[in-house]
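The values are calculated or read from the model by the stated rules, or taken from the named source; none is laboratory data. This structure is a prediction, so every number in the text was calculated from the model and none was measured. Virtual Cβ from ideal backbone geometry, glycine too; neighbours counted across all protein chains shown.
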C-alpha cells in the first residue's frame with residue numbers, strides 16, 4: 001500500500017491503496033464519486049472516461065500511481081450547476097436512455113470540443129468511437145455535440161474574470 | 001392475492017415508513033379492481049384486486065410524490081408511468097418527486113413491478129390513469145365538502161382545486177388530509193384524450209438531468225456502511241463442478257479477507273463458485289487472480305458451437321412438433337410449379353448491458369435480507385431471493401435502482417440470489433460485481449435458431465404455401481425441469497404464425513435441440529432471429545415470383561390490417577417507388593408479434609472497397625396510442641443499433657466448453673461511426689389498442705438489411721452474423 005495525493009475536481013484527496021489500483025476504483029470505491037462507471041476493465045468501452053489534465057483517459061486501465069499529482073476531472077466536476085453546454089445539449093436532445101455510458105460519452109465529448117470546437121461528423125466519429133452505448137443513443141450523441149459546439153462558439157472564448165464592484 | 005386485509009391506516013403507515021417519509025403525509029389509495037376488464041391488459045399479470053395502491057403521496061406542504069412501479073432500464077418508464085397518473089391528477093411532472101417501488105406486495109402481484117415484453121405502458125395505461133383520476137375526484141370532493149358547494153362547480157388544475165363561481169382555492173396539500181378519508185371512487189371519470197397536456201406529447205424525461213451529471217444511482221453505485229466487496233470465480237465452462245480450491249496466495253493480497261464457496265442458481269441450473277471477499281473491489285479482483293481452483297467439467301469441456309450447429313442441421317431432417325397448421329402445406333407444396341427451399345442460421349448472443357451484473361446484499365442477524373439492485377423486477381428479485389434462501393418473501397426488501405441496461409438479462413435474478421447467499425455465508429453486507437468477462441461468458445444467453453424454410457408459389461406468382469421449421473434449443477427447457485418436449489414450444493416459434501399475409505397453407509414446426517447452456521429472453525426474444533428467416537424467405541419468394549418485394553407483400557394483405565397500414569406508410573415515407581442509383585439497394589421487412597408491430601426499409605450502398613454501408617433506416621411503428629413520442633423514437637433508434645450489432649458483430653460461440661468472446665475486444669458492439677441515420681414514424685390514431693414500444697423496432701432490421709444487400713448486390717444473406725466488408 002502507498003499513499004497518493006489526487007486532485008479530483010479541484011479537491012485534494014489522499015488515497016491509501018496499491019499503486020497498481022486503476023484510477024477508476026480509487027475514484028469510485030475510495031473517494032466515493034460514483035458518476036464514473038465500470039464497463040469493461042480493458043479500455044474498450046469508455047464508460048470510465050475521465051480527464052487527466054484535460055485529456056480523456058480510460059480510468060479503468062490507468063494506475064492510480066500515474067494519476068497522482070495530475071488534475072483529474074470527473075463527470076461531477078465539469079460544471080457546478082449542470083450547465084456545461086454539453087450537458088445542456090444532452091438534455092435538449094434527451095440523449096441518455098439507460099444512462100450508464102453517458103458520463104463517459106459526455107467526458108469524451110467535452111474533451112473533443114475543447115480540442116476541436118467545430119467538429120465535423122468525421123471528427124465526432126474519431127473522438128467518440130471509444131465509447132460504446134448499448135442503448136443506441138449514437139445519433140443523439142452526434143446531434144448534441146453539434147448543438148453544444150454551436151453554443152460554445154457563441155460564448156466568449158474565456159470567461160472574463162469578474163472583479164469586485 | 002395473498003395480501004392480508006389490513007386497515008388502510010396501518011398499510012399507509014407501513015408505506016410511509018418504507019418510503020422514508022415523515023411528517024404530515026397522506027397517501028391516496030385507489031382501487032383498481034377492474035383492471036382485468038381493460039382491453040389493454042393482455043400482457044401484464046396485474047392483480048385481481050389491489051386493496052390499496054398508495055401510488056400518490058401528498059404532503060401538507062404541497063409536495064407530491066408519485067411511485068413508479070416499473071424499473072427504468074433506459075426505456076423511459078421513469079417518465080411514462082408517472083405521466084399517466086400526473087395527467088389525470090392535473091399536475092405537472094416537473095413538480096413531482098418520482099420514487100421507484102421495490103416489489104412490495106402492496107403495489108400488486110408478480111410481474112406488476114417488472115419490465116419485459118414491451119408491457120409497461122400498455123399494462124399501466126388505464127390502471128395508472130384511474131389511480132390519478134380517483135385522487136383528483138377525491139381532492140375535488142374534499143374541497144366541495146369544505147366549501148359546501150356542488151362538486152360540479154369545482155375544478156382541479158396545477159395541484160389546486162378551484163371553485164370558479166367564488167374564486168376560492170385550496171391546494172392539494174391543504175386538501176390531502178381530508179381527501180384521504182373519503183371513499184375511493186370505483187369508476188373515476190377519465191379525461192378526454194383531447195384535453196391531455198402530458199400524454200401524447202414529446203415530454204422531457206426526469207431521469208435525464210440525473211444522467212448527465214453522474215447523480216443517477218445505478219445498482220453498482222449502491223453502498224452501505226461496513227460493506228465488503230466480492231468477485232466470484234465461476235467456471236466459464238458452464239456445468240462444471242467445483243473439485244477444490246486453494247486460497248492461500250489470494251489471502252496474502254492486501255485487502256483480501258476471505259474466500260468462500262457460493263452457489264449461483266439460474267432456473268434449474270446450479271453453479272458453484274468461489275467468492276473472494278475484500279475491502280475494495282480491486283483487491284477482490286487481485287485475490288481472484290491468485291486463487292487456485294480445480295473444476296470437474298462433467299464432460300462439458302468438449303462442447304463447441306461448430307459441432308452444435310452441425311447437430312442442428314442434422315436435426316432439420318426431423319419432423320418436429322407442429323406449432324400451427326392452416327390448410328395442407330404438403331399437398332400445396334407438392335402440387336406447386338414453383339417451389340423454394342432455404343436454410344437460415346443465427347447465433348447465440350450475450351445481452352451485454354453496459355452495467356455488468358452486480359448486487360449489494362445485506363443478510364441481517366434477524367434472518368431478513370435487504371438488496372440494492374439493478375433489476376428488471378423488484379417483485380421478481382424478492383421472490384427469487386426468498387426461494388433460493390428458503391425464507392418468506394416478506395423478509396426480502398429490495399431497493400430498485402436505475403438499471404444500466406436490461407434487454408431481458410435482468411429478468412433472471414441469479415445475480416441477486418447469489419449475493420444474498422454470499423452475505424448470509426459471511427455475515428456482512430457484500431457488493432458482488434461481475435467482471436465484463438463474467439457478464440459475457442456466464443449467460444444466460446439468447447438462443448440461436450436455425451430455420452428450414454419451404455415455400456410454394458402459384459402459377460400467377462402468389463405465395464400459396466409456407467413452412468417455417470425452427471430447429472433450436474429452448475429457453476424454457478434450459479430453465480425448467482418440467483419442460484415437455486412433446487408439446488409445441490410457443491416461445492421458440494414466436495411470431496411465425498402471427499403474420500397477416502394471406503397464405504392459405506401455413507405450417508410451423510419446432511425441432512428441439514438439447515443444450516446444457518442456460519438461455520433466456522433477449523430484447524424481442526425469438527422474434528429477433530425468426531423474423532430474419534421468415535421475412536428474408538418471403539423476399540426470396542417475391543424475387544422468384546418476379547415481383548417487387550413491397551408489392552408482393554401488399555398483395556398478400558388483402559384484408560385491412562395494421563400490417564397493411566404499416567407497409568403502406570413505410571412505402572410512402574421511404575420513397576420506395578423512387579428508383580435508387582446503381583450500387584444502392586433497399587430492403588423491406590415487417591414483424592407482428594406479442595410485443596407489437598413495426599416495419600422497416602433499409603437503404604444500403606456498395607462501397608469503393610467492395611463492402612456495404614448501411615445508409616439509412618426508415619421505421620414505422622404501430623402503437624394505437626402513444627404516451628411519449630420522443631421516447632418511442634429513442635427506443636426505435638436503440639432497437640436499430642442493437643439489431644445491427646446482432647446482425648453484424650461477433651455473437652457468442654463456444655470452443656472447449658467456454659464462450660470464445662469474453663470482453664468487448666472480441667464481442668464487439670456497434671460504435672458511433674457505424675450508426676446509420678434512422679427516421680421513425682409512429683402510427684398512433686388513438687383507440688383502445690396499445691402496442692409495445694421497447695422491442696418491435698428490432699426484428700425487422702436484420703431481414704430488411706439482408707434484403708437490401710440482395711437488392712444492391714444479388715447476394716442472399718442466410719446466416720447471421722455477416723460481415724459488411726465481405727458480402
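Summary table below
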| read-out | value |
| --- | --- |
| From the options B:270, B:313, B:234, B:264, residue that is more than 14 Å from chain A (Cβ to nearest Cβ), touching a strand residue (DSSP E or B) at 6+ places or on another chain (Cβ under 6 Å) and exposed (fewer than 15 other Cβ atoms within 10 Å of the Cβ) | B:270 |
| Residue, nearest to the other protein chains (Cβ to nearest Cβ), within the range A:66-85, restricted to residues that are part of a helix (DSSP H, G or I), out of contact with any helix residue (DSSP H, G or I) (no Cβ under 7 Å at 6 or more places or on another chain) and surrounded by 16 or more Cβ atoms within 10 Å (Cβ to Cβ) | A:76 |
| Pick from the range B:67-98, criterion in a loop (DSSP other than H, G, I, E, B) and farther than 20 Å from residue B:138 by Cβ, ranking: farthest from the other protein chains (Cβ to nearest Cβ) | B:69 |
| Residue match in the range B:146-160 (condition: closer than 29 Å to residue B:377 by Cβ, in contact with a strand residue (DSSP E or B) (Cβ under 9 Å, 6 or more places away or on another chain) and assigned to a loop (DSSP other than H, G, I, E, B)) | no |
| For residue A:4: the one exception among (1) in contact (Cβ under 8 Å) with a residue 24 or more places away in the chain; (2) outside any strand (DSSP E or B) | (2) |
| Count of the range B:281-305 residues which are touching a residue at least 24 places away in the same chain (Cβ under 8 Å) and on the phi > 0 side of the Ramachandran plot | 1 |
| Options B:487, B:431; residue that is more than 14 Å from chain A (Cβ to nearest Cβ) and either outside any helix (DSSP H, G or I) or under 20 Å from the mean Cα position of the chain (by Cα) (or both) | B:487 |
| Options B:540, B:568, B:572; residue that is crowded, with 18+ Cβ neighbours inside 10 Å and at negative phi | B:540 |
| Residue that is farthest from the other protein chains (Cβ to nearest Cβ) [pool: residues in the range B:194-225 that are touching a strand residue (DSSP E or B) at 6+ places or on another chain (Cβ under 9 Å) and farther than 30 Å from residue B:690 by Cβ] | B:224 |
| Single residue of B:672, B:690 found to be over 30 Å from residue B:519 (Cβ atoms) and buried (at least 19 other Cβ atoms within 10 Å of the Cβ) | B:672 |
| Qualifying residue in the range A:154-165 (condition: within 12 Å of another protein chain (Cβ to nearest Cβ) and on the phi < 0 side of the Ramachandran plot) | no |
| Of the criteria (1) buried (at least 20 other Cβ atoms within 10 Å of the Cβ); (2) assigned to a loop (DSSP other than H, G, I, E, B), which one residue B:685 fails | (1) |
| Top-ranked residue of the range A:23-39 - restricted to ones that are farther than 23 Å from residue B:353 by Cβ and in contact (Cβ under 8 Å) with a residue 24 or more places away in the chain, ranked as nearest to the other protein chains (Cβ to nearest Cβ) | A:26 |
| Sole residue being without any contact (Cβ under 8 Å) to a residue 40 or more places away in the chain, closer than 27 Å to residue A:142 by Cβ, touching a strand residue (DSSP E or B) at 6+ places or on another chain (Cβ under 7 Å) and crowded, with 16+ Cβ neighbours inside 10 Å, chosen from A:57, A:42 | A:57 |
| Index of the failed condition, residue A:108 passing every other in (1) more than 18 Å from residue B:204 (Cα to Cα); (2) more than 9 Å from chain B (Cβ to nearest Cβ); (3) surrounded by fewer than 22 Cβ atoms within 10 Å (Cβ to Cβ) | (3) |
| Every residue from the range A:111-130 that is within 9 Å of another protein chain (Cβ to nearest Cβ), without any contact (Cβ under 8 Å) to a residue 12 or more places away in the chain and surrounded by 14 or more Cβ atoms within 10 Å (Cβ to Cβ) | A:125, A:126, A:129 |
| Test: residue in the range B:327-349 that is within 14 Å of chain A (Cβ to nearest Cβ) and out of contact with any strand residue (DSSP E or B) (no Cβ under 8 Å at 6 or more places or on another chain) | no |
| Members of the range B:175-193 that are in contact with a strand residue (DSSP E or B) (Cβ under 7 Å, 6 or more places away or on another chain) and buried (at least 16 other Cβ atoms within 10 Å of the Cβ) | B:175, B:176, B:179, B:180 |
| Yes/no for residue B:627 being within 12 Å of another protein chain (Cβ to nearest Cβ) and buried (at least 24 other Cβ atoms within 10 Å of the Cβ) | no |
| Which listed residue, of B:476, B:460, is modelled with pLDDT under 95 and surrounded by fewer than 21 Cβ atoms within 10 Å (Cβ to Cβ) | B:460 |
| Filter result for residue B:704 (out of contact with any helix residue (DSSP H, G or I) (no Cβ under 7 Å at 6 or more places or on another chain), more than 14 Å from chain A (Cβ to nearest Cβ), surrounded by fewer than 23 Cβ atoms within 10 Å (Cβ to Cβ) and on the phi < 0 side of the Ramachandran plot) | no |
| Residue A:19 being more than 9 Å from chain B (Cβ to nearest Cβ) and touching a strand residue (DSSP E or B) at 6+ places or on another chain (Cβ under 9 Å) | yes |
| Residues of the range B:709-726 satisfying the condition of being under 16 Å from residue B:345 (Cα atoms) and surrounded by 14 or more Cβ atoms within 10 Å (Cβ to Cβ) | B:716, B:717, B:718, B:719, B:720, B:721, B:722 |
| Residues of the range B:629-686 that turn out to be free of Cβ contacts under 8 Å to residues at least 40 places away in the same chain and under 18 Å from residue B:407 (Cβ atoms), as a count | 6 |
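Residues are listed down the side, and each one gets a yes or a no for (1) under 20 Å from residue B:227 (Cα atoms); (2) surrounded by fewer than 24 Cβ atoms within 10 Å (Cβ to Cβ); (3) touching a strand residue (DSSP E or B) at 6+ places or on another chain (Cβ under 8 Å); (4) without any contact (Cβ under 8 Å) to a residue 40 or more places away in the chain:
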{"position": "B:369", "(1), (2), (3), (4)": "yes, no, yes, no"}
{"position": "B:376", "(1), (2), (3), (4)": "no, no, yes, no"}
{"position": "B:381", "(1), (2), (3), (4)": "no, no, yes, no"}
{"position": "B:397", "(1), (2), (3), (4)": "yes, yes, yes, no"}
{"position": "B:405", "(1), (2), (3), (4)": "no, no, no, no"}
{"position": "B:411", "(1), (2), (3), (4)": "no, yes, yes, no"}
{"position": "B:416", "(1), (2), (3), (4)": "yes, no, yes, no"}
